1. Positive end of the charge dipole of the range 2-147 (Lys, Arg +1 and Asp, Glu -1 on Cβ, about the Cα centre): tell me which of Ala90, Ala106, Val69 has its Cα farthest that way.
2. Compute the Cα gyration tensor for the range 1-45, then decide on rounded, prolate or oblate, letting a ≥ b ≥ c be the square roots of its eigenvalues: rounded whenever a/c is under 1.5, prolate when a/b is larger than b/c in the other cases, and oblate in all that remain.
3. For all pairs of alpha-carbon atoms in the range 191-261, what percent lies in each bin of width 10 Å, listed from the first bin to the last filled one?
4. Using only the alpha carbons of the chain, determine the length spanned along each of the three principal axes and report them from longest to shortest in whole angstroms.
5. Mind checking the range 226-326 for GluC sites (Glu not before Pro) that DSSP puts in a loop (not H, G, I, E or B) and that have at most 15 other Cβ atoms within 10 Å?
6. Using the Cα atoms as the points, what is the convex hull volume per residue of the range 1-153 in Å³?
7. Less than 15 Å Cβ to Cβ from Gly206, Lys/Arg counted +1 and Asp/Glu -1: what total charge do the surrounding residues give?
8. Can you tell me how the range 72-123 classifies by the Cα gyration tensor, rounded, prolate or oblate, using a/c under 1.5 as the rounded cut?
Amino acid sequence: MKRARIVGTGSYVPQHILTNQELEKKVETSDEWIRTRTGIRERRIAAEGECTSDLAAQAARQALTMAGVSPEEIDLIVVGTITGDFPWPATACLVQEKIGAKRAFAYDLSAACSGFVFALDAAVKQIQCGAINKALVIGAEILSRIVDWEDRNTCVLFGDGAGAVVLSAEEGDHGVLSTHLHSDGSYWELLYQAGFGARHPANARGLDERVQFLKMQGNEVFKVAVRMLTEVAQEALAHNGMECQDIDLFIPHQANRRILEAVAKRLHLRDDQVYINVDYYGNTSGASIPIALDEVNRAGGIKPGDILMFDAFGGGFTWGAALVRW
C-alpha cells in the first residue's frame, strides 16, 4: 500500500495586522488581558473584497511550487473551512478554477478548527485505496467576518489565513502514518454559529438577534479541549507503537497558548518539541496547523525522517490527530 507523503507546503495570511493595542480602541479590553489569557499579540484580517478562496488559492500555489507539481497533476482538492465564499458551491471548486487544476474533483469539509486534520484524513484514504495519486489539502478561514466585534470574549481570539499541503502517493515508510478522528455532538452548544442556515434562515429577526456571529463558552471549551487533544495524541502514539519522546515536532491547532501549554504538559513534551505561533496569527481555525507547518518547514525546522504530530480540536465537537514521518 502506498503512503500519502507531504511533498509541498504553502501558506498565506492577509497583509493587515490587527494588534491588541488597536483592539483596545474597539472593545473594553487590554493588551495585558489578552496576552495573559490567550498568548495572542496580533492577528491578520482579510481586506475588503478578499475571499476565503483567494487565501486558499495563494497557499495552494505556494505548496504546488515547493512540490514541483503542476495544477493539472492534482486529482483531488479538499478545503477544510467553515467560512467559505458561499454556502454553496464549495470553496474548493472556486480554488480549482483559480489555480487551473482542471482534472481535480473538489469539495469542502466542515469540521471547524479540526477541518485540516479531517480533510487530510479524507485525502489520505483516497491515496491509500489507490483512487488518486496527488491531492491538495487546504485549511482556509476568514473568521473576522463571523466574529462579533462587540464581544470582547471572542473577537480578540480569531484571525484570517490559509495553509496547504500537497500529498503524493509514494512507496516507502515516509508519509502520513495514521489519522484518528472523533466527534461528539452533545457539546455543540458550547461553540457554534447559529445563522444563517436552515434552522435560522436570513431575516430581520436573525440580524437583530445577531445569530450570524459565532458563540462560545470559553471556560467549558477549554476544559474539554485539553482533555480531548491529550487523549487523541496518546491514541495516535499508541497505534504506532511510539511514545511522547519519539515526537520531533508537535504542531497543534493554535487556539490559545494556555490550552497548548496544558496539553504539552500532560504529554510530557519539552518546549523544543512544540511549535506555537498563535501569538502572531490568533486562532485561524482549520488554517492554523498548515500555516504553522509551512512556517516551520520554510525555516528549515524539519528534517527527513522527523516524526510530526498534528493535533486539532473544534466545534461540533470534533477532534483528531495525524502522525507523520517526514
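1. Val69
2. Values: a/c = 5.53, a/b = 2.54, b/c = 2.18.
Prolate is the answer for the range 1-45, as a/c is 1.5 or above and a/b outweighs b/c.
3. 16, 31, 23, 19, 9, 2
4. Extents along the principal axes, in whole Å: 55, 45, 37.
5. Sparse-neighbourhood loop GluC sites (Glu not before Pro): Glu243.
6. Working: hull volume 19.0 nm³, N = 153.
Convex hull of Cα atoms, per residue: 124 Å³.
7. On the way: positive: Arg199, Arg205, Arg210, Lys215; negative: Asp148, Asp208, Glu209.
That works out to +1.
8. Working: a/c = 2.77, a/b = 1.34, b/c = 2.06.
Here the range 72-123 falls in the oblate category.
FYI, it's all coordinate maths here, none of it is from the lab. In this text, all values refer to a predicted model and were calculated from it rather than measured experimentally. Neighbour counts are summed over all protein chains in view; Cβ atoms, including those assigned to glycine, are modelled from backbone coordinates with ideal geometry.
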